[in-house]
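Since the structure comes first, as structure tokens, the remarks are kept for the end.
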Amino acid sequence: MTVTTEKKWHAVLANLKDFLEDVNYNAWFSDLKFYKYDKASESLYLIAPIELTKAQLENRYRDIIISKSNEVMGNVRNVFFFLPEEIEKNGKKHKGSRDFDISEEGLMNPRYTFDTFVVGENNRFPYSYALYVAENAESPNPSYNPLFIYGGAGLGKTHLMCAIGHYIIDHYPDLRVRYVSSEMYTNDYVSASMASGSERTEHMNAFKAKYRNIDVLMIDDIQFIESKTRTIEEVFWTYNTLYESGKQLIFSSDRPPKDLLGLDERLQSRLSSGLIADIQPPVFETKVAILKNKAILDNIPMTDGLNEVISLIAEKIKTNVREMEGAFNRVVAYSTLSGLPINKVMARSVLHDVITQQDIVPTPDAVKKSVAAYYTIKVSDIESSKKARTFSFPRQLAMYLCKEMTNLSLKEIGNSFGGRDHTTVLYACEKINGLKTNDGNIKKILTELENVIRNN
Ligand code: ADP
Ligand code: MG
């Protein structure tokens with residue numbers, strides 16, 4: 001909404017223009033307008049001129065827009081497209097009517113359902129609690145109320161909440177569900193309470209109706225209201241009203257309630273009074289399963305190359321599933337647009353900022369193989385004790401590279417070079433080090449070899 005975000009959006013467009021074929025850019029992006037950015041849900045709202053453009057953008061360009069926006073603006077994980085008339089309708093509604101937002105369902109990403117949620121050890125309990133709450137939304141079980149889900153960034157909190165929302169809307173169409181980020185809630189409250197005179201009463205009543213006249217309330221990222229005294233107070237009253245009439249409440253946060261020190265104690269204790277579920281970071285296998293599932297959902301055929309890339313991403317990106325998906329999207333988008341097949345070498349270059357080369361630890365065999373190939377000799381020559389310089393020099397280079405690139409000790413390196421003594425390895429390393437500082441050519445060879453080794 002701010003000028004700066006809009007400016008950043010222009011930078012995103014410029015990037016897309018460089019990245020896409022002119023025909024495509026001109027056809028779909030030249031009339032695409034920025035509407036707003038919502039920080040809490042990390043969503044970008046854009047206005048497409050006509051239905052056809054909107055459909056194309058949604059189907060073909062969604063991921064690339066997210067990925068490019070992320071590069072420029074950071075923190076963009078959703079993009080929603082609207083037509084000018086949809087926005088207008090909404091603007092009109094704004095004046096004194098009940099709805100401030102773009103369609104409530106629109107706020108819940110349609111992809112975030114139980115079906116698309118991969119269950120692992122890290123999220124088994126939150127998942128089953130969420131499902132239970134969704135199934136029992138008609139008459140909530142007091143011991144599951146409120147449901148409080150917490151966990152680090154990108155671990156699936158919003159996904160689970162939206163899954164609950166979609167489930168309830170599908171199975172209990174009569175129930176009124178409201179999902180908001182705490183920022184939206186705050187904005188609603190602030191704009192209602194800032195109105196003046198008789199309008200204020202009207203706006204406050206509309207605000208209360210919106211949040212109290214419902215069956216299920218979900219507030220995402222509740223930690224953002226910390227220290228906002230008046231919003232906290234309002235959440236407290238909203239909570240009480242709903243809770244007392246037996247309605248389901250669901251919250252998420254990056255921390256458990258006891259650590260939300262900027263909330264008032266009354267609200268803190270209410271948030272702790274139901275069921276608390278924490279999502280842990282996924283292990284490697286779960287990360288792989290999540291990405292494989294995503295490939296299926298995105299209709300990307302599984303190939304050996306894609307498999308490799310999935311393992312690479314799962315290995316390199318420690319916990320954040322959103323970052324993993326972002327990396328995955330970038331690789332896929334690059335492949336789609338360049339026509340190159342998806343594989344590890346390509347992924348490493350596309351993801352150079354995420355996967356630093358230094359991360360890749362080669363084996364001594366990989367080192368020996370690359371050096372042997374470079375000097376067109378055999379690996380067995382490198383391992384042998386042949387004294388001719390044709391063999392001894394590459395051998396010393398390979399030892400040096402092992403010392404630099406693997407975490408092995410001199411002794412272990414010696415062992416992998418035909419059981420040599422560690423002092424021999426040390427001698428080789430010192431020699432190459434000396435050469436490297438005086439001989440530009442050696443330095444170049446070493447850099448080249450390091451690259452080859454890392455990319456093999
Ligand atoms: P949070 O709200 O905890 O920051 P999100 O719910 O936004 O995280 O999840 C980030 C991304 O990772 C989303 O695209 C979501 O679909 C995906 N994701 C996270 N966990 C899972 C999971 N277990 N299965 C499938 N997708 C997941
Ligand atoms: Mg979230």
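Surface composition of region 287-359: carbon plus sulfur atoms contribute 53% of the solvent-accessible area (1.4 Å probe, protein chains only, all chains present). Candidates Tyr35, Ala134, Val309 compared by Cα position along the dipole of the chain: farthest toward the positive end lies Val309, with charges placed on Cβ. In terms of the Cα gyration tensor, with a ≥ b ≥ c the square roots of its eigenvalues, is region 287-359 rounded because a/c is under 1.5, prolate because a/b exceeds b/c, or oblate? Oblate. Each Cα pair under 8 Å and six or more residues apart adds its separation to the average, and for region 3-86 the resulting relative contact order is 33 percent.
A helix-only calculation puts the chain at -17500 deg cm²/dmol for mean residue ellipticity at 222 nm, using -39500 (n - 2.57) for each DSSP H run of at least four residues, averaged over all residues. Treat every Asp and Glu Cβ in region 3-86 as -1 and every Lys and Arg Cβ as +1, leave all other atoms uncharged, and give the resulting dipole magnitude about the Cα centre to the nearest 20 debye. The dipole of region 3-86 has a size of about 260 debye. In this rough spin-label picture, where each label sits 7 Å from Cα along the Cβ direction, the Glu202-Ser273 distance is 3.6 nm.
Dipole of the chain computed with +1 at Lys/Arg Cβ and -1 at Asp/Glu Cβ about the Cα centre; of Pro394, Tyr45, Ser69, farthest Cα towards the positive end is Pro394.
Approximating the spin labels as points 7 Å out from Cα along Cα→Cβ, the Leu52-to-Phe284 distance works out to 5.0 nm. In plain terms, the chain from Asn433 to Ser143 could stretch by 97.7 nm, reckoned as 0.36 nm per residue minus the Cα-Cα distance.
Its alpha carbons considered, region 218-376 gives a radius of gyration followed by a Dmax of 23.2, 80 Å.
Under the rule a/c < 1.5 gives rounded, and otherwise a/b versus b/c splits prolate from oblate, where does region 3-86 land using the Cα gyration tensor? Judged from the Cα gyration tensor, region 3-86 comes out oblate (a/c at least 1.5, b/c at or above a/b). With Cα atoms defining each centre, region 380-453 and region 19-40 are spaced 52 Å apart in the structure.
Take the Cβ atoms of Val190 and Thr447, set R0 to 60 Å, and the FRET efficiency comes out at 0.60. About the centre of its Cα atoms, region 401-456 shows a dipole size close to 40 debye [charges on the beta carbon of Lys, Arg (+1) and Asp, Glu (-1) only; nearest 20 debye].
Counted residue by residue at 0.36 nm each, then reduced by the alpha carbon distance between them, the extension gain from Trp237 to Tyr132 reaches 35.2 nm. Evaluate E = 1/(1 + (r/R0)^6) for Tyr25 and Glu85, where r is the Cβ-Cβ distance and R0 equals 25 Å; express this FRET efficiency to the nearest 0.05. The pair Tyr25/Glu85 has a calculated efficiency of 0.50.
Rounded to the nearest 20 debye, the dipole size of the chain about its Cα centre is 1520 debye, using +1 on the Cβ of Lys and Arg and -1 on the Cβ of Asp and Glu.
When the convex hull of its Cα atoms is viewed from all sides, the chain shows a mean projected area of 27.3 nm². Of the Cα atoms belonging to region 321-456, the radius of gyration and Dmax stand at 17.5, 54 Å.
Taking all protein chains into account, the per residue accessible area for the chain stands at 48 Å² (1.4 Å probe). Between Thr363 and Leu426, the simple spin-label model (points 7 angstrom out along Cα→Cβ) gives 2.9 nm.
Were the residues from Glu121 through Lys387 laid out at 0.36 nm apart, the gain over their Cα-Cα distance would be 90.2 nm. Between Asp170 and Asn407, what FRET efficiency follows from the Cβ-Cβ distance if R0 is 45 Å, with the result rounded to 0.05? It comes out at approximately 0.30.
The values are calculated or read from the model by the stated rules, or taken from the named source; none is laboratory data. What you are looking at is a predicted structure, and each value in this text was computed from that prediction instead of being measured. Here Cβ is always computed from backbone atoms with ideal geometry, including for glycine, and neighbour counts include all displayed protein chains. For the accessible areas, the whole protein counts, side chains as well, though only heavy atoms, and no ligand, DNA or RNA atoms are used. Shrake-Rupley method; radii C 1.70, N 1.55, O 1.52, S 1.80 Å.
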